[in-house]
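Rule-based calculations on the coordinates, nothing more; no lab input. Fair warning: this is a prediction, and the values are worked out from it, not measured in the lab. A quick note on method: Cβ atoms are made from the backbone with ideal geometry, for glycine too, and the neighbour counts reach across all protein chains shown.
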Amino acid sequence: MSHTSANNKADRVGSALKQLQPDNALCTATVLFHIDNHGQWFYRNEPLPTKFARLFSSILQRIDAEHFLITPVEKLKVSVASVPLIIVDYNQLKNGSFELVTGLDTRFELDGVSAFTIAEDSVFVELSNGLAAKLGRACYYRFIEDYVLE
C-alpha cells in the first residue's frame with residue numbers, strides 16, 4: 001500500500017469518526033455490553049474477543065456519566081463497573097508527555113504528570129470522548145514509585 005493510499009484511508013476513517021453524533025436515539029433500552037472492573041468487555045454476559053472490544057472502544061463515549069457506543073445512525077448503552085479502560089503500560093516521552101497503552105492495546109497521549117489524578121488506591125486519567133482510565137496494578141505501583149515517592 002502506498003503512503004498516499006494509507007493517508008486517504010486515514011482521512012476517510014477520520015471523516016467517518018467525526019460523523020458520530022451523541023444525540024442519536026438509543027437502539028434499545030436493554031444494556032447489551034458490560035465492562036467489568038478489570039476492563040474486560042462482555043456482550044450479553046459472554047466475554048467479547050479483544051479485537052472486537054478494541055474496535056468498539058473506538059466509538060465509546062461518556063455522556064452525562066453514562067457510557068454509549070455511538071455510530072452515525074445508532075447508540076447503545078454500555079454498563080461500566082468503574083472505568084472502561086485499564087492502563088497496562090506508560091512511557092514518559094522526552095517532551096514530558098506520556099504515552100499510555102491500554103489492556104486493549106490502544107494508545108493515548110497525555111500532556112504530563114499533572115494529567116494523572118491520584119486517589120486513595122488508584123491513579124486515574126481523563127481521555128478523549130469523556131472517557132476515564134485507571135492504571136493497572138503494576139503501572140500503579142510503578143507510577144507511585146516514580147512520581148509520588150520521589
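Stretched out straight at 0.36 nm per residue, the stretch from GLN40 to VAL73 would grow longer than its current Cα-Cα span by 9.3 nm. TYR141 label point, 7 Å along Cα→Cβ, cut-off 16 Å on backbone N: hits in region 100-133? Zone members listed by number: 121-123.
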